[in-house]
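Taking it in order: structure first as structure tokens, then the write-up.
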Amino acid sequence: MSGERILVIEDEARIAQFIERGLIYEGYRVTVARDGKTGLAIARDNPPDLVILDWMLPGLDGLEVCKRLRAASDIPILMLTAKDDVQDRVIGLDAGADDYLVKPFSVDELLARIRALFRRSAPTSRPDVLRFADLTLDTGTHRAHRGERAIDLTAKEYELLELFMRNPRQVLTRDVIFDRVWDYDFGGESNIIEVYVRYLRQKTEDETESRLIHTVRGVGYVLREE
Ligand code: CA
């Protein structure tokens with residue numbers, strides 16, 4: 001099966017070993033880096049298929065490593081953190097992480113997240129350009145345009161906007177959005193969807209442009225024209 005190569009950037013030997021054993025048992029090939037600088041060098045010289053990245057690292061912290069990895073490639077990044085706080089997660093997701101795992105975690109959960117990330121990053125159908133009103137979204141380059149105006153999106157913003165663009169004029173419930181964009185429940189109390197819808201609105205609606213992502217109070221959101 002798999003054989004995908006996973007780079008683990010984690011300074012704590014005990015945790016790195018725990019992860020490495022679980023991954024090898026599952027058939028992945030594993031490289032461990034004990035600090036961010038080494039991790040970045042390995043990722044540059046021999047790009048892995050996925051990176052597991054600890055937030056708290058000596059020297060360059062995980063957030064900075066994440067930004068630099070993301071600047072160089074679209075490789076799936078799973079961040080490990082002890083910070084079980086929505087705001088911290090948002091910062092990490094904004095830095096380009098694709099998913100999060102809060103320590104302590106089970107190896108089963110880790111493997112499930114990795115499988116989900118590989119599923120999502122697997123090449124799908126040919127890229128195309130989704131259109132709604134004057135908004136376009138290129139599924140190849142992951143760039144959006146409102147009219148002529150180019151819009152840069154983070155990985156999560158792209159996924160959320162793609163979900164809306166593929167389901168125009170349909171009300172998407174919070175549960176559906178969670179399942180499709182985050183793959184798992186953030187814990188029910190989370191305001192992560194609100195946060196990301198706000199980001200998307202800031203990027204896709206300037207003062208002169210009409211609202212496209214509308215709130216359906218108590219239910220979710222819908223992409224429609226006013
Ligand atoms: Ca650490």
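Values as computed for the structure displayed
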{"item": "Rounded to 5, the percent of DSSP beta bridges in the chain classed as antiparallel", "result": "50 percent"}
{"item": "Inter-label distance, nm, simple model (7 Å from Cα along the C-beta direction), Glu226/Arg198", "result": "2.1 nm"}
{"item": "Over the chain, relative contact order from alpha-carbon pairs under 8 Å, at least 6 apart, %", "result": "12 percent"}
{"item": "5 angstrom amide H check on Arg29, placed H, neighbours 5+ away", "result": "Gly3, Glu4, Arg5, Ile6"}
{"item": "Value of Rg to Rh for segment 129-223 (Rh from inverse mean 1/r over Cα pairs, i.e. Kirkwood)", "result": "0.94"}
{"item": "Residue-wise HN-Hα coupling along segment 105-110, computed from phi with Karplus coefficients 6.51, -1.76, 1.60 (Hz; x: Gly, Pro)", "result": "9, 8, 5, 4, 5, 4"}
{"item": "In Hz, Karplus ³J(HN,Hα) per residue of segment 212-222 (6.51, -1.76, 1.60; θ = phi - 60°; x = Gly, Pro)", "result": "10, 9, 9, 7, 10, 3, x, 10, x, 9, 9"}
{"item": "Over 22 Å (Cα to Cα) - which of Lys37/Lys203; Lys156/Lys203; Lys67/Lys156 fall in this group", "result": "Lys37/Lys203"}
{"item": "Most positive-pole-ward Cα, Leu57, Ala72, Leu137, against dipole of the chain from beta carbon charges", "result": "Leu137"}
{"item": "Ellipticity estimate at 222 nm from DSSP helix runs (n ≥ 4, -39,500 (n - 2.57)) divided over the chain, nearest 500", "result": "-11500 deg cm²/dmol"}
{"item": "Per residue accessible area in Å² of segment 81-174, where ligands, DNA and RNA are left out and the probe is 1.4 Å", "result": "50 Å²"}
{"item": "Per principal axis, descending, Cα span of the chain in whole Å", "result": "55, 36, 35"}
{"item": "Relative contact order of segment 1-133, pairs being alpha-carbon contacts under 8 Å that are 6 or more residues apart, as %", "result": "20 percent"}
{"item": "Percent accessible area from carbon and sulfur atoms, segment 129-223, protein chains only, probe 1.4 Å", "result": "44 percent"}
{"item": "Ratio Rg/Rh, restricted to segment 5-121 and using Cα atoms, in which Rh is the Kirkwood radius", "result": "0.91"}
{"item": "For segment 80-159, the fraction of alpha-carbon pairs in successive 5 Å shells from zero, as %", "result": "3, 13, 18, 19, 16, 13, 9, 6, 2, 0"}
{"item": "For Val216, distant residues with modelled amide H under 5 Å away", "result": "Tyr221, Val222"}
{"item": "Amide proton proximity set for Asp99, modelled H, under 5 Å, gap of 5+", "result": "Ile77, Met79"}
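The values are calculated or read from the model by the stated rules, or taken from the named source; none is laboratory data. All values reported here derive from a predicted model rather than from experimental measurement. Using ideal geometry, Cβ is built from the backbone for each residue, glycine included, and neighbour counts are taken over all protein chains shown. For the accessible areas, the whole protein counts, side chains as well, though only heavy atoms, and no ligand, DNA or RNA atoms are used. Shrake-Rupley method; radii C 1.70, N 1.55, O 1.52, S 1.80 Å.
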